[in-house]
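Notes follow the structure.
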Amino acid sequence: MASLAMGSTWVRIMVLTELRPPLFLPGLASKTSLSIRRRNLSVSASAVTGPSGGEVRVRFAPSPTGNLHVGGARTALFNYLFARSQGGKFVLRIEDTDLERSTRKSEEAMLNDLSWLGLDWDEGPGVGGEYGPYRQSERNSMYKEYAAKLLESGTVYRCFCSNEELEQMKETAKRLQLPPVYTGKWGTASDKEVQEELAKGTPYTYRFRVPKDGILKITDLIRGEVSWNLDTLGDFVIMRSNGQPVYNFCVTVDDATMRISHVIRAEEHLPNTLRQALIYKALGFPMPSFAHVSLILAPDRSKLSKRHGATSVGQFREMGYLPQAMVNYLALLGWGDGTENEFFTIDQLVEKFSINRVNKSGAIFDGTKFRWMNGQHLRALPPEELISIFGDRWKSTGILLESDGAFVKGATELLKDAIDLVSDAEKALQNLLSYPLHSTLVSDECKPVVQDKLSEVAASLISAYESGELNQALEEGHAGWQKWVKSFGKSSKRKGKSLFMPIRVLLTGKLHGPDMGGSIILIHKAGTCGAISPQAGFITLDERFKMLKEVDWESLPQVEEPLQSPAGVPS
């Protein structure tokens, strides 16, 4: 028995301490109080920053009914960071009670995605642990045991209402503009009525008996105080007529028996807390601390979904994103360390993470920023690792015949600044090896370059190539190239943009690109190293100069002569 104060009135109620499970830890309980007044009942759960004298234990509990969404990945990350920052345990639990939609294939994909992100779990599938099994489908006997205890205590009752009766209740509530709460008779039925239905074999569910008046309050670690009126809930089902437990009942029993100290999850689960808190109290379980993380929103501030493009970890992985970049970006969706720094390794995130700095407002998923951040992480890799990544990509896509060597090293160094995704490496190298001279020459953007006597520069370049001096300079690398360009500029009486832009267009076939000298040296090397695949579409220097000789310069836009004004008329 427990005595609970209500102002000047005292009422004694049974708190069901005999139902407290053997795993109950005195130090794990949140500051939870229950008070009953003649007209009102108030349950308040005050979440604490950490269990007194207990280990921090958090869990990520996905349903294997699809791919791991970025929202789920961020929830897993926040749980992981909180556990690691507090020296606690990160538990992975599979909530597969939806037997029709749950698949092992989906579960395996989720586990692979979490491992790819580096979010290794301390307990769960493939790892085991003291509080398993870690799949809900393997814990049915435990749910039935606790449901039976609630039935015995009177907190739960059998409900024999048919689906037709329940639908009629919903329609009546809708017509009267009332909350869709259960109004059937089985909460107050006599033992005789119950036994008669059992004798007939009538299917039944287990319904939790909810107080008719009162307010339930929790102090969420992110959102502060949150409250619900109990009269909007009604008696809810915890076990279906087929013997399968309902989500909220499973979650409460699992979290309690796995000794979860902090429940960090998406805000869409906030309404579930009402039912779960009542079940915790009825079973005498200690309440964990709750923290409900905001949703991830699309740029239009709607909920991020497939219509906005890629939304799953697997999709981003296939697109060439790095796991460390995804971890970094997801951490910043609703959290920050209070500085302007945005670049973090996972170890730095563990060191700096605090649940108190998680924002309760929705976070916008900015695909452009995510791509930029991936580029930052890509270029921060050790040079050898980056060369290996790009080399493997170029060989696997059929551009190169080999994945390492001098050409791969040079191409990586030249092109890396323009590559934000690993998949971009393919296009970057193909662009370097291509020679779209004709389309560039006839473009509007190239018109000023053509009109700046580009044909004369072309003739000089052809002469330098045929004499062998350009090839000799390219063989000497950057020093030889720079020396030759300086000499070429003097002989053609050009410098700066009027020198470099014509050379770029004539030798690369483009107006823009990476460092011009590096590009032309690499193009020269591509023609001699034997690393380029015949399917790469590479145009060698020899072929480029043949094309230059065939250009019909007169057909291109020339400088227009100014109109002559009649005598005496100002132009």
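The values are calculated or read from the model by the stated rules, or taken from the named source; none is laboratory data. The structure displayed is predicted, hence computed values, not measured ones. Neighbour counts are summed over all protein chains in view; Cβ atoms, including those assigned to glycine, are modelled from backbone coordinates with ideal geometry. Please note that ligands, DNA and RNA were not included when accessible areas were found on the heavy atoms of the full protein model with its side chains. Shrake-Rupley method; radii C 1.70, N 1.55, O 1.52, S 1.80 Å.
Among residues of the range 165-184 that are more than 17 Å from ASP235 (Cβ to Cβ), none has a beta-carbon under 8 Å from a residue that is polar (S, T, N, Q) and open to solvent by 90 Å² or more (accessible area, probe 1.4 Å) at least six positions away or on a different chain. Of note, VAL210 does not satisfy the criterion of being among the aliphatic types (A, V, I, L, M), open to solvent by less than 70 Å² (accessible area, probe 1.4 Å) and not in a loop (DSSP other than H, G, I, E, B).
Screening GLY405, GLY367, GLY398 for residues that are touching a residue at least 40 places away in the same chain (Cβ under 8 Å), open to solvent by less than 70 Å² (accessible area, probe 1.4 Å) and touching a His at 6+ places or on another chain (Cβ under 9 Å) leaves exactly one candidate, GLY367. Counted as qualifying within the range 356-434 are the helices (runs of 4 or more DSSP H) with 3 or more residues that are under 27 Å from the mean Cα position of the chain (by Cα) and at pLDDT 95 or above, namely 367-379, 383-396, 424-433.
For THR97, are the conditions met, namely being surrounded by fewer than 21 Cβ atoms within 10 Å (Cβ to Cβ), within 18 Å of TYR247 (Cα to Cα) and polar (S, T, N, Q)? Walk me through it before giving the result.
Numbers: surrounded by fewer than 21 Cβ atoms within 10 Å (Cβ to Cβ): no; within 18 Å of TYR247 (Cα to Cα): yes; polar (S, T, N, Q): yes.
It is false that THR97 is surrounded by fewer than 21 Cβ atoms within 10 Å (Cβ to Cβ), within 18 Å of TYR247 (Cα to Cα) and polar (S, T, N, Q).
Residues in the range 483-541 that are of a type in the set (S, T, N, Q) and outside any helix (DSSP H, G or I): 3 in all. Number of residues in the range 180-207 that are at pLDDT 95 or above, under 45 Å from the mean Cα position of the chain (by Cα) and open to solvent by less than 50 Å² (accessible area, probe 1.4 Å): the value is 3.
Looking at the range 255-294 only, could you name the residues that are within 15 Å of LEU216 (Cβ to Cβ) and among the hydroxyl-bearing types (Ser, Thr, Tyr)? Of everything in the range 255-294, those that are within 15 Å of LEU216 (Cβ to Cβ) and among the hydroxyl-bearing types (Ser, Thr, Tyr) turn out to be THR273, TYR280.
Within the range 442-453, none of the residues are in contact (Cβ under 8 Å) with a residue 12 or more places away in the chain, open to solvent by less than 80 Å² (accessible area, probe 1.4 Å), under 23 Å from ALA526 (Cβ atoms) and not acidic (Asp, Glu).
Report yes if THR9 is under 26 Å from GLU318 (Cβ atoms) and either touching a Leu at 6+ places or on another chain (Cβ under 6 Å) or modelled with pLDDT under 95 (or both), otherwise no.
Numbers: under 26 Å from GLU318 (Cβ atoms): no; either touching a Leu at 6+ places or on another chain (Cβ under 6 Å) or modelled with pLDDT under 95 (or both): yes.
Spelling it out, it is not the case that THR9 is under 26 Å from GLU318 (Cβ atoms) and either touching a Leu at 6+ places or on another chain (Cβ under 6 Å) or modelled with pLDDT under 95 (or both).
Taking ILE215 as the residue in question, decide whether it is surrounded by fewer than 17 Cβ atoms within 10 Å (Cβ to Cβ) and in contact (Cβ under 8 Å) with a residue 60 or more places away in the chain. Lay out the reasoning, then the answer.
On the way: surrounded by fewer than 17 Cβ atoms within 10 Å (Cβ to Cβ): yes; in contact (Cβ under 8 Å) with a residue 60 or more places away in the chain: yes.
Spelling it out, ILE215 is indeed surrounded by fewer than 17 Cβ atoms within 10 Å (Cβ to Cβ) and in contact (Cβ under 8 Å) with a residue 60 or more places away in the chain.
Looking only at the range 35-85, filter to residues that are of a type in the set (Val, Ile, Thr), modelled with pLDDT of 50 or more and surrounded by 18 or more Cβ atoms within 10 Å (Cβ to Cβ); which one of those is nearest to LEU278 (Cα to Cα)? Taking the candidates together, the pick is VAL58.
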